Amino acid sequence: MSRLPALSGLAGIVLLDVGWFWDPAAPFGSDAHLAAWYASHGDAQWLAAAAVTVLAAPFFWVFAKGLPDRLAAGAGKAFALTVLVFGLLYAAIPLSRTFTVVGAPSGAVSRFWDGAVFGEYIVAATVSVLVLVGAVTVAAFRRQGIPLGLGIAGIPLAVLVVGTFFLPMAGITLWFVAASITFAARRPPAVEPAVAQPVTASV
């Protein structure tokens, strides 16, 4: 795995974390609280956070394409698509407010939409990353072009990824940082020089 795809995973997780922890979306609250919030908040920061999240998706895709294991590459691409869909859905309310005259959604719609968007990401991201980590771990123990140390580290990190439901992004972030740095720092395997075969004269 070349350094560029490996470091793409690191770039992707940094962008995703920025969008995730920034999160200037409407909070969960009562109808009156949400009405006051929408009346006093614009959509620029919300759209910017969505754009940063969407921008992370192609970096994850490049990272996945560079993985030497087929199952891991597929799971990595699934995670990239999960991030892309999450970013687009996250931008739905501010985009609708920008291009229509409807104004703020009702409190029920706002709470339902935010819950559905974040729920979609949590479930889909957890499943795809668990498959990704599991495939990389198995490939590492089988010596299929993946450092064994990353496979060993993947076991506790997979347990932490399951905790995404309680600690969003913790396990996912740590695994991508560890995997990206490991792949980027790994030296390519030495290429054995070709041995010239003696030419025998035909009789």
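The values are calculated or read from the model by the stated rules, or taken from the named source; none is laboratory data. Only a predicted model underlies this, so the values are computations on that prediction, with no experimental measurement involved. Cβ placement follows ideal geometry from the backbone for every residue including glycine, while neighbour counts extend to all protein chains displayed. What goes into the accessible areas is simple: the full protein's heavy atoms, side chains included, and nothing from ligands, DNA or RNA. Shrake-Rupley method; radii C 1.70, N 1.55, O 1.52, S 1.80 Å.
Count of the range 19-36 residues, restricted to those that are open to solvent by 30 Å² or more (accessible area, probe 1.4 Å) and either in a helix (DSSP H, G or I) or on the phi > 0 side of the Ramachandran plot (or both), is 9. Taken as a whole, the condition of being surrounded by 19 or more Cβ atoms within 10 Å (Cβ to Cβ) and outside any helix (DSSP H, G or I) applies to Leu67. Considering the conditions (1) in contact (Cβ under 8 Å) with a residue 60 or more places away in the chain; (2) open to solvent by less than 10 Å² (accessible area, probe 1.4 Å), Ala104 is excluded by exactly one of them, (2).
Here's the yes/no breakdown for (1) under 14 Å from Thr182 (Cβ atoms); (2) part of a loop (DSSP other than H, G, I, E, B):
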{"site": "Gly119", "(1), (2)": "no, no"}
{"site": "Arg143", "(1), (2)": "no, yes"}
{"site": "Ile152", "(1), (2)": "yes, no"}
{"site": "Leu157", "(1), (2)": "yes, no"}
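Among the residues of the range 70-88, how many are crowded, with 18+ Cβ neighbours inside 10 Å and under 14 Å from Asp114 (Cα atoms)? Residues in the range 70-88 being crowded, with 18+ Cβ neighbours inside 10 Å and under 14 Å from Asp114 (Cα atoms): 2 in total.
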